[in-house]
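These notes are about the structure you will find just below.
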Amino acid sequence: MNNDPLNENKLNITPDQLWNIKGIIQQIVMVALMAIIYIVIVNYTGRSPGVHSGLENWLQNLHALFYTNTLLRDMFVAPVMGVAIAGSLFFLDTAVGYILKKNIFNWIHRADYILPGNKTERNWALRIAIMGSTVEEIMFRGFIFIAIVPIWTSWIWSALLLSAGFGLLHAGVQGFWSTLWIFIISLLLCFFIILGSSIYFVILLHMTINITNMFILPYFLKRKK
């Protein structure tokens, strides 16, 4: 079967290039950079309390994301909601294929070229999905989003800017429509942060969406070929 029926793999990417230890190393590097930034800001603001109010507010808001009384609820609600969101976007994506008069089988399998193809790749993909979701949410929704929200009077502008950047990071290996769904998912994650959700909730939500798209949906779609 052709894993790239719509010729979207412009960079000729193969699964073994995506799902390997390099993905874990990349996440570790990002954790180290965030840790350095956090330590520097804590020390910087600690030397002159009250002087750098913007940084102090950012630290306070960042810390608040990690304190929650609803962790058990989040552990149940987030996965259920993640599957629901992934499923809804799949049906919406399929509807787009019908509207564009595409071959639906080819349409829904157009990104199969990035799916892990063997046990080793699947093991790495699962590790990267779990670790990547955690690191990305702390970085994007934690470090960046809550830092830029005060710039505008409405949070939506910050969410749009952040989500555009988040989507573009994935655009290199996926087509336009997949990047658009990623953009929408990022907006939803920002929305949940604004609603007061903890970082654990958005991490679990992001993680479930990734796992659903990478493992669960492909499993059922392949069984129906």
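Computed from the Cβ-Cβ distance with R0 of 22 Å, the FRET efficiency linking residue 25 to residue 122 stands at 0.70.
Averaging the sequence gap over all C-alpha pairs within less than 8 Å and six or more residues apart, then dividing by the number of residues, gives the chain a relative contact order of 35 percent. Let a ≥ b ≥ c be the square roots of the eigenvalues of the Cα gyration tensor of the range 50-109; is it rounded (a/c under 1.5), or, if not, prolate (a/b larger than b/c) or oblate? Judged from the Cα gyration tensor, the range 50-109 comes out oblate (a/c at least 1.5, b/c at or above a/b).
Classification of the range 15-223 by its C-alpha gyration tensor yields a prolate form. The axis ratio a/c (a ≥ b ≥ c) is 1.5 or more, and a/b outweighs b/c.
Among complete DSSP H helices in the chain, those whose alpha-carbon atoms stretch at least 20 Å along the helix's long axis and whose mean Kyte-Doolittle hydropathy reaches 1.0 are 21-47, 71-99, 155-171, 176-194. Extension gain for residue 40 to residue 72 (0.36 nm times residue separation, less C-alpha to C-alpha distance): 8.3 nm.
Once R0 is set to 25 Å, what does the formula 1/(1 + (r/R0)^6) return for the Cβ-Cβ distance between residue 60 and residue 160, expressed as a FRET efficiency to the nearest 0.05? Efficiency computed from Cβ-Cβ geometry: 0.55.
FYI, it's all coordinate maths here, none of it is from the lab. What you see is a predicted model, and the numbers here were worked out from it, not measured in a lab. Don't worry about glycine lacking a Cβ; one is built from the backbone with ideal geometry, like all the others, and counts go over all protein chains shown.
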